[in-house]
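Structure first, then comments.
The values are calculated or read from the model by the stated rules, or taken from the named source; none is laboratory data. Here the structure is a predicted model, which means the values were calculated and not measured. No Cβ is skipped: glycine too gets one built from the backbone with ideal geometry, and neighbour counts run over all protein chains shown.
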Amino acid sequence: MGRRRQGRETALQALYLSDTGRMSVAEAIIIVTAGGPADEKTLVFARELAEGAYARRADLDAHIQDVAQNWSLERMAAVDRNLLRLASFELLHHPQTPVRVVIDEAIEIAKSFSSAESSKFINGILDKIKDRRAADGAPG
């Protein structure tokens, strides 16, 4: 597994723990990485994603809710909700990462941490959110 994938998975786990365990993302990162990440670069990337998504949670939730027709955030599985937050953050705030990479990574992570049905749901939502990135002039 590549460094960036591991960082994304660590960030997802921290966001999930923070969301369901009612703790700060900083506390969640400490718990998730207690066994030690592969290296410092992976941890830095994971922190950047988790803390960024956590800090912009309200804005990201608004974007997700706008495109998730007939799905409230509360109805979504916690893993899916947090994966959408994570990938939406990367789509909207990391224009150097290609859109296709963000979406493909989210789909693969959904298959590992959620379900095949979730991966289709994640793909559909992110496909709509990517248009907001393009509308902002960021590279696709």
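Being part of a helix (DSSP H, G or I), surrounded by fewer than 17 Cβ atoms within 10 Å (Cβ to Cβ) and not aromatic (Phe, Trp, Tyr) is a property that does not hold for Ile64.
Across region 67-101, the number of residues qualifying as under 12 Å from the mean Cα position of the chain (by Cα) and crowded, with 20+ Cβ neighbours inside 10 Å comes to 14.
Per-residue answers, yes or no, for (1) of a type in the set (A, V, I, L, M); (2) surrounded by 14 or more Cβ atoms within 10 Å (Cβ to Cβ):
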site: Met23; (1), (2): yes, yes
site: Val32; (1), (2): yes, yes
site: Gly35; (1), (2): no, no
site: Asp39; (1), (2): no, no
site: Glu48; (1), (2): no, yes
site: Gly52; (1), (2): no, yes
site: Ala55; (1), (2): yes, no
site: Ala58; (1), (2): yes, no
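Against the list (1) surrounded by fewer than 20 Cβ atoms within 10 Å (Cβ to Cβ); (2) farther than 20 Å from Arg132 by Cβ; (3) modelled with pLDDT of 95 or more, the condition Asp104 fails is (2).
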